[in-house]
Amino acid sequence: MSGIIIEARDIRFRYPRGQEAIRGISFHFRRGEKIALVGPNGAGKSTLLQMFNGMIRPDSGTMLFDNKPMQYDRESLRELRRKVGFVLQNPDRQIIAPTVYQDVAFGPTNLAYTEPEVRQAVTNALRHVGLFGFERRPPHQLSGGEKKRVAIAGVLAMDPDVLVFDEPTSGLDPSGSEDLMELLDELNNEGKTIVISTHDVELAYPWADRAILLADGHIIREDIPDVAFGNPKLVRMAHLSVPTLLELSAELAKRGFAIPDRKPRSVLDMVHIIESQPHGTSVRTSPGTITVCNVDEKNHPEIAAWVKARPGIAVGAMGTRAKQYAAMECIALEFTYGVIDKCILRALRGQDSLILTTSSMTDRVSARVDAYCRESSNAITVVSFNALKKTDTS
Ligand code: ADP
């Protein structure tokens, strides 16, 4: 992880005629990190987020971007807001234009891009969020999840370094929330620093690289999530709850289970803890195979027929384009979130799976499977679908 991109030094802020919302806090975000600001209502999360792109200026203390104190003149703010994109909780407040195209084009047009540059930026952004083809649609006719994606595309069109999301999943149903969190992972994978605010500990705990627990305008704790949420007293003080997986691992520890230093962040981690006990009841079978198909590469053989020929296989898709590809090819998806872990769990039961994914995410599959196999002394084979010969796939 490289240099610091956003830093706060002892910042304070009071709303006019209001109480002090931010009470002397300091922190930094590194480039490429996924940060969750977690706190109950009124903790100061929204206020703090608005300081990241200069919408709110602290009364005292300093905000820095790229190691330089933020400047609040018009020109500096314009530049800062290009680099730090902000996605509001309610997309209806962010979307202003009568068509999706015009809305997404707003930022690049304001930045004086030429007409072809604007068109390119809008096309790229819409493709990214899975809304290519929605250009002429009026935003008010879209679903909540689609509106959210338009708002994200509007921010992405300016190619910011940092994306800030206020309560990103608010108003979305569970599957919409999963899709959105996966989009955030995709963007992070492409190098963007992502900051979210949330009061949902179950959402923040497995997702974040670092969690900042905020209450009453103070930072209560800041660390990797299992440490940040590891002290139940502190967590209660912050009016939050301990994530279920951490609570369960604490209970297992009390019952004599050996819990690794890196606490479980997923169901897969938890299964590993349970199965690695000396008297565990795990039944060892020879592991299944995980086949990975990069849908961005056009040279792969016919997937739908390959899947059809293997009735026992489960298919998962990671990322917006991979999910769209599956829909286009009429491939039924079993997993759309937490896909790698779910396929590892299947492999451990001796069953095969196929993961559809895009270029930026392909390496993550092997990395995650390798890490798991090293830790658990299992051997799961990952095969590249794209490298299979056409004859192997009939
Ligand atoms: P959170 O996002 O964690 O719910 P906020 O940043 O919205 O918290 O609010 C922090 C504190 O600032 C709360 O006490 C809230 O009542 C107060 N506050 C927020 N917005 C305003 C405002 N526009 N005017 C006065 N007080 C505000």
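Before moving on, here are some points about what is shown:
- Selection count where residues are in contact with a helix residue (DSSP H, G or I) (Cβ under 7 Å, 6 or more places away or on another chain) and either polar (S, T, N, Q) or in a helix (DSSP H, G or I) (or both), scope the stretch 347-363: 5
- Note on the stretch 364-378: among residues that are among the polar types (S, T, N, Q) and surrounded by 13 or more Cβ atoms within 10 Å (Cβ to Cβ), the one that is farthest from Ile274 (Cα to Cα) is Ser366.
- Test: residue in the stretch 154-176 that is modelled with pLDDT of 95 or more, aliphatic (A, V, I, L, M) and under 25 Å from Phe335 (Cα atoms): no
- Test result for Ile274, under 21 Å from Cys373 (Cβ atoms), under 27 Å from the mean Cα position of the chain (by Cα), of a type outside the set (S, T, N, Q) and modelled with pLDDT of 85 or more: no
- Verdict on Val87 being in contact with a Lys or Arg (Cβ under 8 Å, 6 or more places away or on another chain), within 28 Å of Leu203 (Cβ to Cβ) and more than 13 Å from the ligand (Cβ to nearest atom): yes
- Across the stretch 324-356, the qualifying residues are those that are over 19 Å from Pro206 (Cβ atoms) and polar (S, T, N, Q), and the one among them that is modelled with the lowest pLDDT is Gln324.
- Residues within the stretch 357-375 that are modelled with pLDDT under 85 and touching a Ser or Thr at 6+ places or on another chain (Cβ under 9 Å), tallied: 0
- One residue from Thr169, Thr193 being under 12 Å from the mean Cα position of the chain (by Cα), among the polar types (S, T, N, Q) and closer than 22 Å to Phe27 by Cα: Thr193
- Filtered residue count, the stretch 199-217, keeping only those that are more than 15 Å from Arg236 (Cβ to Cβ) and within 16 Å of the ligand (Cβ to nearest atom): 6
- Whether a residue is free of Cβ contacts under 8 Å to residues at least 12 places away in the same chain and surrounded by fewer than 18 Cβ atoms within 10 Å (Cβ to Cβ) was assessed, and Thr123 passes this test.
- Listing of strands (runs of 3 or more DSSP E) fully contained in the stretch 8-78 that carry 2 or more residues being buried (at least 21 other Cβ atoms within 10 Å of the Cβ) and within 15 Å of the ligand (Cβ to nearest atom): 20-30, 34-38
- Filtered residues of the stretch 135-172 (kept if touching a strand residue (DSSP E or B) at 6+ places or on another chain (Cβ under 8 Å) and outside any helix (DSSP H, G or I)): Met158, Pro160, Asp161, Val162, Leu163, Val164, Phe165, Asp166, Glu167, Pro168, Thr169
- The set of residues in the stretch 205-241 that are over 23 Å from Glu182 (Cα atoms) and of a type in the set (A, V, I, L, M, F, W, C) comprises Leu214, Ala215, Ile219, Ile220, Val227, Leu234, Val235, Met237, Ala238, Leu240.
- Residues that are assigned to a helix (DSSP H, G or I), at pLDDT 90 or above and within 27 Å of Leu184 (Cβ to Cβ), drawn from the stretch 283-323: Ala322, Lys323
- Considering residues of the stretch 93-134 that are part of a loop (DSSP other than H, G, I, E, B) and within 25 Å of the chain's Cα centre (by Cα) only, the residue farthest from Lys323 (Cα to Cα): Ile95
The values are calculated or read from the model by the stated rules, or taken from the named source; none is laboratory data. The structure displayed is predicted, hence computed values, not measured ones. Neighbour counts run over all protein chains shown; Cβ positions are idealised from the backbone, glycine included.
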